[in-house]
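Notes to accompany the following structure.
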Amino acid sequence: MANSSNDNLAVLIDADNAQAAIIHELLAEVSRYGTASVKRAYGDWTTPGLKKWKEVLHEMAIQPIQQFSYTTGKNSTDSALIIDAMDLLHTGRLNGVCLVSSDSDFTRLATRIRESGLVVYGFGERKTPKPFVAACDKFIYSDILKPAKTGEAQTKAQAEPLKPMLIDAVNAAAQDDGWANLGTVGSALQKISPSFDPRNYGFQKLGELVRKQNYLSLKEVQISAAGAVQILVRLK
């Protein structure tokens with residue numbers, strides 16, 4: 001999945017369904033993929049449940065979008081976010097959209113944005129329904145954005161089975177001699193599972209994770225006189 005730090009991104013937050021406590025880490029993660037030129041949070045700001053958001057909104061320059069709940073049981077916030085997303089899509093000024101929610105109602109929105117050629121990054125909790133996760137180009141579970149604490153083991157326990165994904169990715173990226181470029185393996189993993197992230201398994205980098213797998217072999221190949229190296233991986 002190609003991305004650039006120069007990409008213009010819209011960060012659209014379902015405040016009814018997201019945690020204010022991790023928004024600093026979330027926006028830091030967004031900065032890895034581009035510049036958050038639009039930052040909006042949607043909710044009924046007259047309700048006590050969104051009180052924790054007030055300080056975060058000011059500090060992080062996030063625009064609050066007021067949406068009253070007109071009817072009990074109907075999520076007006078989702079509708080407002082979806083309408084704004086489509087309006088932003090048609091301006092032609094964005095390269096991607098970050099959808100911050102664990103709500104499956106945004107599955108079709110993610111699909112529609114991708115159909116228009118924009119990248120979709122999803123951010124949500126582990127409970128996020130699989131259809132929404134799969135509809136994104138990349139999906140980041142919010143718990144891996146928090147500073148590592150005692151919950152790390154639980155995070156790894158909740159992660160997808162790793163070995164089948166790695167084997168499939170290496171096979172997909174392998175050259176005739178069986179060796180595959182680690183970066184190409186990473187791209188293949190993202191296509192296999194939008195939620196793949198080495199941090200789900202307690203590692204900061206893909207290379208660190210791969211080195212710990214006893215069914216894989218790694219080697220480094222120097223590719224320039226300056227000492228730059230390329231990491232290659234293959235099945236044992």
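Is the shape of the range 8-147 best called rounded, prolate or oblate, per the rule: a/c under 1.5 gives rounded, else a/b larger than b/c gives prolate, else oblate, with a ≥ b ≥ c the square roots of the Cα gyration tensor eigenvalues? Note, shape of the range 8-147 comes out rounded. Between Ile192 and Leu235, the simple label model (points 7 Å from Cα in the Cβ direction) yields a spacing of 1.0 nm.
Calculate, in nm to one decimal, what Asp168 and Lys130 gain on full extension: separation in residues at 0.36 nm each, minus their alpha carbon distance.
The span from Asp168 to Lys130 would gain 11.7 nm if fully extended.
In this Cβ point-charge picture (+1 for Lys and Arg, -1 for Asp and Glu), the range 8-147 has a dipole of about 160 debye about its Cα centre.
Taking θ as phi - 60° and the Karplus parameters 6.51, -1.76 and 1.60, the scalar couplings of the range 202-210 work out to x, 10, 7, 10, 4, x, 5, 5, 5 Hz in sequence order, x denoting glycine and proline. What the phi angles of the range 141-146 give under the Karplus curve with 6.51, -1.76 and 1.60, with θ = phi - 60°, is a coupling list of 6, 5, 5, 7, 7, 7 Hz, glycine and proline written as x. Any chance you could give the angle, 0 to 90 degrees and rounded to 10, that helix 76-89 forms with the longest Cα principal axis of the chain? That helix lies at roughly 60 degrees to the long axis.
For the chain, a Gaussian network of Cα nodes joined below 10 Å ranks Ala15, Ala180, Ala225 by mean-square fluctuation, and the top entry is Ala225. Ranked for footprinting exposure by Cβ neighbours inside 10 Å, fewest first, Arg32, Arg211 give Arg32, Arg211.
Angle of helix 162-173 to the longest C-alpha principal axis of the chain, folded into 0 to 90 degrees and rounded to 10: 70°. The relative contact order of the range 166-226, computed from alpha carbon pairs under 8 Å that lie at least 6 residues apart in sequence, is 19 percent. Rounded to 0.05, the FRET efficiency of the Arg114 and Ala225 pair, given R0 = 45 Å and the Cβ-Cβ distance, is 0.65. This ranking places Met60, Met86 by how few other beta-carbon atoms lie within 10 Å of each, fewest first, which gives Met86, Met60. Distance between the modelled labels on Lys54 and Glu160, one decimal in nanometres: 4.1 nm (7 Å Cα→Cβ projection). Local charge for Met60 was computed over the other residues whose Cβ lies under 15 Å away, with Lys and Arg +1 and Asp and Glu -1, and equals 0. Available extension along the chain between Asn181 and Ala28 is 52.3 nm, counting 0.36 nm per residue and deducting the alpha carbon span.
Only the coordinates and a few stated rules stand behind these numbers; no lab work does. Every value quoted in this text rests on a predicted model; they were computed, and no experiment measured them. Counting neighbours? That spans all protein chains shown, and the Cβs are built from the backbone with ideal geometry, glycine included.
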